[in-house]
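To start, the structure under review is shown below, and the notes come after it.
The values are calculated or read from the model by the stated rules, or taken from the named source; none is laboratory data. What you see is a predicted model, and the numbers here were worked out from it, not measured in a lab. Here the Cβ is made from the backbone with ideal geometry for all residues, glycine too, and neighbour counts use every protein chain on show. The area values use the complete protein model at the heavy-atom level, side chains included, leaving out ligands, DNA and RNA. Shrake-Rupley method; radii C 1.70, N 1.55, O 1.52, S 1.80 Å.
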Amino acid sequence: EDKVVQSPLSLVVHEGDTVTLNCSYEVTNFRSLLWYKQEKKAPTFLFMLTSSGIEKKSGRLSSILDKKELFSILNITATQTGDSAIYLCAVEPAGTASKLTFGTGTRLQVTL
Amino acid sequence: DVKVTQSSRYLVKRTGEKVFLECVQDMDHENMFWYRQDPGLGLRLIYFSYDVKMKEKGDIPEGYSVSREKKERFSLILESASTNQTSMYLCASSLSQGGSDTQYFGPGTRLTVL
């Protein structure tokens, strides 16, 4: 059974801090790992990672995958209150209709 | 932009009622998914469909059924709602099977069963 574990479960930081969110996984026949941000409603896509060691970057957010150690991290630099959300990690095995297994998420709160 | 819409944002039903949750996507995606999201449990897959009239059980299909009569529409049915089905229900779609395709989510339906 595929499994995704995220840590920490929740985190409170001050605006301007840098945070690192962790995602470890077990999946049969890995295809990709995805990060989503969920504010009040629908999760919105952040990154898809398929290859080890290649950093994906979007503004202050970046993510990298280690396929040997089976984990990924999501970094957010210079955090802002608008970064407050639940961050979800999911893995996709090969050979299925994009069937994802999600972690329980990390709840990030950025305070002034 | 991909748009996934769900028929209701909030829904309150009574135990034993039949409940229909509708999801529509406008990007001609082949795959559609129904999840429920509960605190501490994350998103769990109920059912998914990779083509019209095709469906596959996810991780927690018990108590649910689905229907996909048209490509753009995927319905989740609770035949006899129970209080333990109170949850946030999220629909998603993705382009095609094979290759990595991002799932796009609808806004969610918060269902309360009394």
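Taking the criterion of being modelled with pLDDT of 90 or more, within 11 Å of another protein chain (Cβ to nearest Cβ), open to solvent by less than 20 Å² (accessible area, probe 1.4 Å) and not in a loop (DSSP other than H, G, I, E, B), the residues of region A:92-111 that qualify are A:F102, A:T106. Restricted to chain B, the set of strands (runs of 3 or more DSSP E) holding at least 3 residues that are open to solvent by less than 30 Å² (accessible area, probe 1.4 Å) comprises B:19-25, B:31-38, B:42-49, B:65-70, B:73-78, B:87-94, B:109-113.
Evaluating B:F105 against the criteria (1) free of Cβ contacts under 8 Å to residues at least 12 places away in the same chain; (2) facing chain A (nearest Cβ under 9 Å); (3) of a type outside the set (D, E) leaves one unmet condition, (1).
Of the strands (runs of 3 or more DSSP E) lying entirely inside region A:1-80, the ones with 3 or more residues being open to solvent by less than 30 Å² (accessible area, probe 1.4 Å), modelled with pLDDT under 95 and closer than 22 Å to A:P93 by Cβ are found at A:30-38, A:43-49.
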